[in-house]
Amino acid sequence: MAKDVVEATPKKKGKVKKLLLVGVAAIALIGAGAGAGIYFGALSAHEAKPEDHYPKLVLRSTDDAEPAADGDDKEAPLKVGTVSVPNDRFKVDPRKYEITYYPINDSFTTNLADGSGFLQVGISLSTFYDGKVINNIKRQAVPIRSVVLMVLAEQDPALLSTSQGKQRLQRQLTAAINDVLREKEGFGGIDNVYFTSLVIQ
């Protein structure tokens, strides 16, 4: 009888170890499953929205100094925005956000609508959004140039001689450039077009 007791004890210890290992493995699997569920749940809670990829508004800083360029022929670093917007038609408070001016280097020359002469215009674009808009302008330089020339070719020289005619042309150019950027990049972002030169002959 003592022999039976001695033989039964090692079998019980082996079963207990197996049960303990199975229990630990089951707890580890449950923990891993719960962790994966929390991780993937968090990912699905913050699904990427289109506005996450849009340019962001640049809050006006209290520091008046502009970032300096590294050398004479280098550009200042592009601004980084922090304020997301739902679309590019968002109403911007100019006192709250920084503005960036981007000059178009080459002037635009075209014949006027009535064939009486030609129009030569230099422009600069303004935006309250970050460097993504500037990069979009650079990337879409060819279609922007094309649409600007088309808008200029439709102008009446008599209207352009008045300040109202020039302001109307500013609005037309702003809308046309934003339309190109929306079509090609999904976001406009141009606030205004400014004339750096305007010659009618």
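The values are calculated or read from the model by the stated rules, or taken from the named source; none is laboratory data. Owing to the predicted nature of the structure, the values given are computational and were not obtained by experimental measurement. Cβ atoms come from the backbone with ideal geometry, glycine included; neighbour counts cover every protein chain shown.
In table form, for the structure just shown:
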quantity	calculated
Residue in segment 157-164 that is assigned to a helix (DSSP H, G or I) and surrounded by 15 or more Cβ atoms within 10 Å (Cβ to Cβ) present	yes
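The rows are residues; the columns are (1) modelled with pLDDT of 65 or more; (2) assigned by TED's automatic domain parsing to the domain that holds Phe128; (3) over 30 Å from Ser197 (Cβ atoms); (4) not in a helix (DSSP H, G or I).
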residue: Ala25; (1), (2), (3), (4): yes, no, yes, no
residue: Leu29; (1), (2), (3), (4): yes, no, yes, no
residue: Ala32; (1), (2), (3), (4): yes, no, yes, no
residue: Ala68; (1), (2), (3), (4): no, no, no, yes
residue: Pro86; (1), (2), (3), (4): yes, yes, yes, yes
residue: Pro94; (1), (2), (3), (4): yes, yes, no, yes
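This table checks each residue for (1) touching a strand residue (DSSP E or B) at 6+ places or on another chain (Cβ under 9 Å); (2) in a loop (DSSP other than H, G, I, E, B).
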| site | (1), (2) |
| --- | --- |
| Ala113 | no, yes |
| Val121 | yes, no |
| Ser126 | yes, no |
| Ile134 | yes, no |
| Ile137 | yes, no |
| Val142 | no, no |
| Arg145 | yes, no |
| Leu152 | yes, no |
| Gln155 | yes, yes |
